[in-house]
Amino acid sequence: MNSLIKLLFAGVILLLSILTGCKKDNDPDPDPSNTEGLVYVGQAYTTQGSMLVKVYAADSLYCAYNNLFIEVRDSASNEVISNAEITLLPQMEMMGHAAPFENPSSTAAVNGLFPCAVVFQMPGDMGWTLDVTAKDLATNNEGTARIDFAVMSPTLARTQVVTALNDGSKLVISYLQPIEPKVGMNDFEITLHWKESMMSFPPVENYTVEIEPEMPSMGHGSPNNVNPVHTGNGHYKGQVNFTMTGEWNINLRIMEGSEAVDTTSYFVVTF
Amino acid sequence: MRRLAYKIFFVLISSHAIAQQQDSILFFMEGNITERIIGLNEVLVKPSCDCVGECSCKPTVKENYSLNRFSATDALLEKNSRISLIKRGNFAFEPVLNGMASERLNLTIDGMKIFGACTDKMDPITSYVEPNNMKSIAVQHGAAGSMYGSGIGGSVNMETNGASINPAKKISGEAGMGFQSASMGANALFMLNYSSKRWALMTNGVYRKFQNYRAGGGEIINYTQFEKWNGSVSGKYMPTDNDVLRFDVIIDEGYNIGYAALPMDVLYAKAKIFGLTYQHLPCHGTVEKYEVKFYGNTVSHSMDDTKRPNVAIHMDMPGNTRTFGGYFDTQLKKNKHKVTLRLDGYHSNARAEMSMYPVNEAKMFMLTWPDVDKMDAGIFLQDVIEISDKNKLSINARLEYVITQVIDEFGVQQASVFNQDVSKANQRLLKVISASYMRTISKTVSAWLTAGYTERAPSLTEQYGFYIFNAYDGYDYIGNVNIKNEKATQADAGVQWKQEKAEIRCTGFYYRLFDYILGAQDKTMDAMTINANGVKFSKNIPEAFMTGGNLELTYSPVKILKFSSVSSYTHGEIAGGSPLPLIAPFKNNSSIKWLHQRGFVMLECESAAAQNRINPEFGERTTVDYSIINVRAGYYIPFGDKKITLNAGIENLLDKRYRTHLTWGGIPQQGINGYLNVSFSF
């Protein structure tokens, strides 16, 4: 039975990689040492400063919280720049809005790559762009590159935009974990961002979140779940328990102090 | 009187040569196993009984049960007045001995450990062996039954016939058919034994197909149907007069078995049982006998809800157990001591899955038994001391070591849901000791007393069960890996007055149980099963008591008339006063039997008092009292050394609608039921 599940899982992954692989341009200059296992998103030269910015992602880009990895090279020497200040601006220019994102937490590249994240709150075959502004700390060279790409809709919704019950603001809720759910205890993680303006989605750091897993067809839940708590930068981490495989809803209850912000959102997990 | 009874039985039962054989084909030849045991077993196979205290070589109930050639094993078990049956349908009843069900008992077939594969106890192993392949049912109480394993309530060992070496009769056998009306049940059986001088081969089979039965008053009880067959092959070879090599293969398959009291039925229940035995029987010297046995068996079981209306979610629940093991037995006799030593061990694996198939959603999957390996080794020592002609003492002791281990990582993960770590092996040491003293007080009166201490390991469900739904109380049960062993101190006593025409026997038992394992609700937990009342975890209750007794009377004023009456009572209580669930009320079975040279007629009355001592926490409900009347008759027609035997009877003659207290789901028992059996033996 176990091996069957594994086999199925492998099949699904294979299928996904075929489906998504077809859509992507191939990396013109693959460097397998540090980008192995990552999906190439695109590249562009900076408008100034002679730098080449390459964007990789942990997975294909979905309407979800996406882990990105940015590589910056000196376009003349093709040397990897590993000390730089990177700032992002993801946006859908046509629609005039940006998206929640997380700039690299450090100016030092990890293995030649700057890890960062973007939450795409809607899918789109075209229209999404990512402006990457890089400032080489060694040379003080600075420039911005724009990369465009498609954002797909995941099978199960992983980012939701809801209207807060208390103040009517928009809240972006994104599901991060568990990515590979299993029966038993799983790490659970979401991010919360709120829409300050069309172009600004800062993290929400002072909410409380309660979770309640439920099997919709059975109506039962599971015991010993740990409600997520804020760990920084809009991330809320807890633990979720699954008593069996199948389809689970993880129901959320988001509060700001004693005021309910959202009581109806849930994420579906199937395994 | 006894001898006379035997004579009557010999005449009644068979025209075969007797006595020269140690095990005789005669066992096959007639009707009710209970009577076969009384009539023949005692004389031919066990000429002297070594039992100290209540005899376990034969059932306590005697000739007062009629010949019904097609009785199920359950019906025979119930003839022991200390055994009651938990009924969930019309098949595979779960035996309860001294108020304790299968997790507190050792149930064995020929000393072989076999474990049912159903998480809901729908397949006690008594359902995998048929009476026409059974020689005896040995029932031992409490610690005294520790030869077969550590248990609290005692042990029930069902001994099969095996092939019979009988050079005087090369080919012998039987074929029979039976019909019963309440469930339009059809039965068929056959047996064939071929014997040479030094070896013999036997094969037998049973087929049963029953429809839904009709309860008293006329209601048809849906989901009480079943179909099964059982076949066995057995061989015996005696290279010398003192050596016996024996093999046994038993295959039992049941299909489409209805369980009216449960939300699901059974698609199939299958067992394959293999045994290989070597016995050495020295004629003289200190060593009286030794025996080596190896065995293996598999049981598979799958539930089915496709025939039920309004099923919220279709599910299946296949379960499997695999067991192999062996034992070495020796009996030594020196002066006044008769010492039995047994070394035994087995390895068993149990795994049960549950898959649910909601519409338009992913399949759900979990392990209700998370693939558990169990290794068990034990040593048993018994010394029967013949202090004098009138005083006998028996001392039993057993030490058993049990290791259980979850081998599927999925199961380990599952248990983490309840913060239980089952990744490591769980080890337990079990100790059992008991002493029995029997004294012949006068020519007619004897008395015995047994005192013992015994322990048992938790059952698989109690230790590792994962959301196992109990339809009786409507709770999902979850095991507790670290639950403590259950312990008991126990006493069993009896007195017997026996005279030519009459016999009175009175026995009583008392168990004080410590760390009694029972389900306790955790109100913080959500039930898994739709509409279940909640979740119960296995828990040790500090103390519980179980007590009871029975009274048996037999009176035979004239040779051809016999009156018999058996009463029993059990009382169970959790320390503090609340009743233990599922305790049978006061029961009485009385009969009058008229014996003729070639047959008999019998009138039987089964009664039970109301049971109002109930525990509602376990969904228990009260039961009203009842009495039912049965009439039975038997007759045989000889043709030389062959014969035709006829059995007929009407059970529940007055078509009373009634329910035994241990029946789940409030289902009434069978109403008026006529049966007719014909068998030809040669």
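The values are calculated or read from the model by the stated rules, or taken from the named source; none is laboratory data. Here the structure is a predicted model, which means the values were calculated and not measured. A quick note on method: Cβ atoms are made from the backbone with ideal geometry, for glycine too, and the neighbour counts reach across all protein chains shown. For accessibility, only protein heavy atoms count, side chains too; no ligands or nucleic acids. Shrake-Rupley method; radii C 1.70, N 1.55, O 1.52, S 1.80 Å.
Values computed for the structure shown
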{"item": "Expected 222 nm ellipticity per residue - DSSP helices of 4 or more, -39500 (n - 2.57), all of the protein assembly as shown, to 500", "result": "-2000 deg cm²/dmol"}
{"item": "The range B:2-681, relative contact order [Cα under 8 Å, separation at least 6], %", "result": "11 percent"}
{"item": "Tilt relative to chain B, helix B:2-13 - C-alpha long axis, 0 to 90 degrees, to 10", "result": "80 degrees"}
{"item": "Area accessible to solvent at B:GLU174, 1.4 Å probe radius, in Å²", "result": "0 Å²"}
{"item": "Residues in the range B:249-270 reached by a label modelled at B:ILE530 [backbone nitrogen below 16 Å; 7 Å Cα→Cβ]", "result": "B:263-265"}
{"item": "Per-residue ³J(HN,Hα) for the range B:435-446, Karplus 6.51 cos²θ - 1.76 cosθ + 1.60, θ = phi - 60°, Hz, x for Gly and Pro", "result": "9, 10, 10, 10, 10, 8, 7, 8, 4, 10, 10, 9"}
{"item": "Cβ-derived FRET efficiency at R0 30 Å, B:ARG512 paired with B:ILE395, nearest 0.05", "result": "0.90"}
{"item": "Estimated distance in nm for a label pair at A:GLU210 and B:THR622, the labels positioned 7 Å out from Cα along Cα-to-Cβ", "result": "4.2 nm"}
{"item": "Gain on full stretching of the segment that runs from B:ALA491 to B:HIS280 - 0.36 nm per residue minus C-alpha separation", "result": "72.5 nm"}
{"item": "Where labels lie 7 Å past Cα in the beta-carbon direction, separation of B:ARG308 and B:LYS289 in nm", "result": "4.6 nm"}
{"item": "Shielding by other protein chains, A:222-229, mean Cβ within 10 Å", "result": "3"}
{"item": "FRET efficiency, 1/(1 + (r/R0)^6) with R0 22 Å, evaluated for A:THR264 and A:ASP59 via beta carbons", "result": "0.20"}
{"item": "Distance between modelled label sites at A:SER77 and A:THR107, nm, 7 Å Cα→Cβ extension", "result": "1.8 nm"}
{"item": "Rg to Rh quotient for the protein assembly as shown, alpha carbon positions, Kirkwood Rh", "result": "1.12"}
{"item": "Local net charge near B:SER578, Cβ-Cβ under 15 Å (Lys/Arg +1, Asp/Glu -1)", "result": "-3"}
{"item": "At 0.692 mPa s and 37 °C, Stokes diffusion of the range B:448-531 via Kirkwood alpha-carbon radius, µm² per second", "result": "203 µm²/s"}
{"item": "Whole-Å distance, taken between Cα centres, linking the range B:485-536 and the range A:144-200", "result": "57 Å"}
{"item": "Cα lying deepest toward the dipole's positive end in the range B:246-321, options B:ASN297, B:TYR268, B:GLY254, charges on Cβ", "result": "B:ASN297"}
{"item": "Amide hydrogen neighbours beyond the local backbone of B:HIS596, cut-off 5 Å, H modeled", "result": "B:VAL601"}
{"item": "Mean projection area, nm², convex hull over Cα of the range A:141-267", "result": "10.2 nm²"}
{"item": "Contour minus Cα-Cα distance for B:LYS424 and B:PHE545 (0.36 nm per residue)", "result": "40.2 nm"}
{"item": "Accessible area (Å², 1.4 Å probe, nearest 10) - B:ARG621", "result": "130 Å²"}
{"item": "In degrees, nearest ten, helix A:2-23 long axis to first principal axis of chain A (Cα)", "result": "40 degrees"}
{"item": "Over the range B:404-547: Kirkwood hydrodynamic radius from C-alpha pairwise inverse distances, Å", "result": "18.2 Å"}
{"item": "5 angstrom amide H check on B:HIS141, placed H, neighbours 5+ away", "result": "B:SER155"}
{"item": "Most mobile of A:HIS193, A:HIS220, A:HIS97 in a GNM of chain A (Cα contacts under 10 Å)", "result": "A:HIS220"}
{"item": "From phi via Karplus (6.51, -1.76, 1.60), per-residue ³J(HN,Hα) for the range B:325-335 in Hz, x at Gly/Pro", "result": "x, x, 8, 10, 10, 9, 10, 10, 10, 8, 6"}
{"item": "Nonlocal amide H pairs with A:MET51, under 5 Å, H built at 1.01 Å", "result": "A:THR46, A:SER75"}
{"item": "Selected from B:SER565, B:GLY116, B:THR323, residue furthest toward positive end of dipole (chain B; charges at beta carbon)", "result": "B:SER565"}
{"item": "Average beta-carbon neighbours from other chains, 10 Å sphere, peptide B:413-419", "result": "6"}
{"item": "Rg over Rh, two decimals, chain B (C-alpha only, Kirkwood Rh)", "result": "0.94"}
{"item": "Chains B and A together, accessible area buried on both sides, 1.4 angstrom probe, square angstrom", "result": "2000 Å²"}
{"item": "Pairwise FRET efficiency - B:VAL233 versus B:ASP316, Cβ, R0 = 45 Å, nearest 0.05", "result": "0.90"}
{"item": "Loop trypsin sites (Lys or Arg not before Pro), the range B:102-189, which have at most 16 other Cβ atoms in a 10 Å radius of their Cβ (DSSP)", "result": "B:LYS170"}
{"item": "Under Karplus coefficients 6.51, -1.76 and 1.60, residue-wise ³J(HN,Hα) of the range B:642-655 in Hz, glycine/proline x", "result": "10, 7, 10, 10, 10, 10, 8, x, 10, 9, 6, 3, 8, 6"}
